[in-house]
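The structure appears below as structure tokens.
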């Protein structure tokens, strides 16, 4: 199999968000949207991601039609939107349903590849199959709006394991329901690349997030992922091996890069994006 000389990169939402972190209230980037997208485009990225609160701000200011014009002018070919939680809990539909409607509206207007969903922080579920029915439901709603659903397993959430999540996708059995595979959550969960390769198939991979980290966890797992991620190749993890494993499965991009750290947030957005791009590119097999 041959691969493009230059990989296609997507700046995942936090990579371009500036000085704002997950679980801030609100999670809205302090960087004006037009400035943010110009910085993404000028540093070589083919696409970008936006979180719910940024999408809400865009809808209430320039509207999704205005955002779509910025996307078209910049020439982006990939857009991602996130993150929905609690979608499995009907008793909390009054909370997550309006969020889902916003993400569906954004996906339809912006032509996104998928809507990213996750599960709550807490103990891992003993049986992932409990999510089959709710995943089918939200996926069917996404299909009706021209997009897909991508579940991201996280090392500190109810759904943690990539191999078990690959089995879950086989139970859901809808081609429009897949996974976001974030390397940080693989190695912090303690899953080997060999274990991932045994279960995961390329068609299940809707999105990838590249990053790096030190060998030891700093603080809690959530603090480590939010404040201490490293640029690709600047930590102790096998980023190149992860890329090669996915390529061996037949995945060929686009490749998201998700960097969250105190150091990254402190940089001017353009500088942060340039560093994230160049270090990710350096990890690809020559």
Worksheet item: Given the residues 113, 160, which is the only one that is in a loop (DSSP other than H, G, I, E, B), within 30 Å of residue 190 (Cα to Cα) and touching a helix residue (DSSP H, G or I) at 6+ places or on another chain (Cβ under 8 Å)?
Response: 160
Item to complete: Note down all Cβ pairs under 9 Å where the first residue falls in segment 228-252 and is under 11 Å from residue 210 (Cα atoms), the second is surrounded by fewer than 19 Cβ atoms within 10 Å (Cβ to Cβ) and modelled with pLDDT under 95, and they're at least six residues apart or on different chains.
Response: 240/285; 243/285
Worksheet entry | Among (1) touching a helix residue (DSSP H, G or I) at 6+ places or on another chain (Cβ under 9 Å); (2) farther than 22 Å from residue 5 by Cα; (3) exposed (fewer than 15 other Cβ atoms within 10 Å of the Cβ) - the single one residue 188 does not satisfy | (3)
Practice prompt. For segment 24-38, state whether one or more residues are within 24 Å of residue 6 (Cβ to Cβ), surrounded by 20 or more Cβ atoms within 10 Å (Cβ to Cβ) and in contact with a helix residue (DSSP H, G or I) (Cβ under 6 Å, 6 or more places away or on another chain).
Written response: yes
Fill in: Long-range neighbours under 8 Å by Cβ, at least six apart or interchain, first residue on the phi > 0 side of the Ramachandran plot within segment 73-100, second in a helix (DSSP H, G or I)
75/41; 86/92; 86/95; 86/96
Worksheet item: For residues in segment 119-153 being under 16 Å from the mean Cα position of the chain (by Cα) and free of Cβ contacts under 8 Å to residues at least 40 places away in the same chain, which is surrounded by the fewest Cβ atoms within 10 Å (Cβ to Cβ)?
Response: 120
Worksheet item: Out of 127, 90, which single residue is over 19 Å from residue 141 (Cβ atoms), at pLDDT 95 or above and out of contact with any strand residue (DSSP E or B) (no Cβ under 6 Å at 6 or more places or on another chain)?
Response: 127
Discussion item. Against the conditions (1) in a helix (DSSP H, G or I); (2) in contact (Cβ under 8 Å) with a residue 40 or more places away in the chain; (3) in contact with a helix residue (DSSP H, G or I) (Cβ under 8 Å, 6 or more places away or on another chain), where does residue 198 fall short? Just the number, please.
Written reply: (2)
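The values are calculated or read from the model by the stated rules, or taken from the named source; none is laboratory data. All figures in this text were calculated on a predicted structure; none of them were measured in a lab. Here Cβ is always computed from backbone atoms with ideal geometry, including for glycine, and neighbour counts include all displayed protein chains.
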